[in-house]
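One structure, pasted below without further comment.
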């Protein structure tokens, strides 16, 4: 099937919006990373733009499931997206709110199932586990699109006279992320792991952190509530990375608590980056800001 016959959804994730500014900041510091370590990978909006190997992790098992299916079991993910499209997208290219509610409940059940059993490489080789991971991944995509009101499932460019497949859209839009297995650990355990510790000894490694933001509720940004996120512990980790001359950068929401933790510190720099988001109509796009924090070596 030609790619022109496939629905091609837009990429999910806000970091794609500020990726050019993040890349420019790396260049301004003279950092040319050969690999990226990302403890909070989310949908990979920044790392996917770099074209270098990524050692990724996310505490949300649904995010880990999505990336690993896409990387190692892409046919399953394509089939799952096609199945969703066939079952739930109506003749006008829309999905009923009831469908999103059902998928959100299923996503919560999936996350609870994997709270004490992180997603592992073994799950990718077990048919029963593969089916469970696929459920989590599809429900995650559905949840994200309902939350952000974007046009992934409900895009208006669908030509219903054509035979559609999501197989082209998923791969074409996401691109080759260069990931290995995306781990499903707490950010603390991930940074302590042998694979990350080995990577940190390489001068070409940069750690990029996009943590749970101040004001969000719970440990996972995408809603599951396990424990409050420890912003102070993350600040202590960033300080320790600077002391060890390890390159790192971080994006945070622009708010007083973040400035309090990272402003006027000798081991990092903080600056505000602005971007616009919303409908592609100039008068309605909203200008927002985030903080870009980078290591300083003493």
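One line per residue, one yes/no per condition, for (1) at pLDDT 80 or above; (2) in contact with a strand residue (DSSP E or B) (Cβ under 6 Å, 6 or more places away or on another chain); (3) surrounded by 14 or more Cβ atoms within 10 Å (Cβ to Cβ):
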position	(1), (2), (3)
191	yes, no, yes
200	yes, no, yes
205	yes, yes, yes
213	yes, yes, yes
224	no, no, yes
231	yes, no, yes
239	yes, no, yes
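Follow-up question, since we're still on this one. Is it true that some residue in segment 58-75 is outside any helix (DSSP H, G or I) and at pLDDT 90 or above?
yes
Which of the residues spanning segment 259-269 are out of contact with any helix residue (DSSP H, G or I) (no Cβ under 8 Å at 6 or more places or on another chain) and surrounded by 14 or more Cβ atoms within 10 Å (Cβ to Cβ)?
Selection gives 259, 269.
Another question, then. When you go through (1) modelled with pLDDT under 95; (2) in a strand (DSSP E or B); (3) touching a helix residue (DSSP H, G or I) at 6+ places or on another chain (Cβ under 9 Å) one by one for residue 298, which number turns out not to apply?
Among (1) modelled with pLDDT under 95; (2) in a strand (DSSP E or B); (3) touching a helix residue (DSSP H, G or I) at 6+ places or on another chain (Cβ under 9 Å), the lone unmet condition for residue 298 is (2).
The values are calculated or read from the model by the stated rules, or taken from the named source; none is laboratory data. All of these numbers come straight from a predicted model, not from anything done at the bench. Note that we place each Cβ from the backbone using ideal geometry, even for glycine, and neighbour counts take in every protein chain shown.
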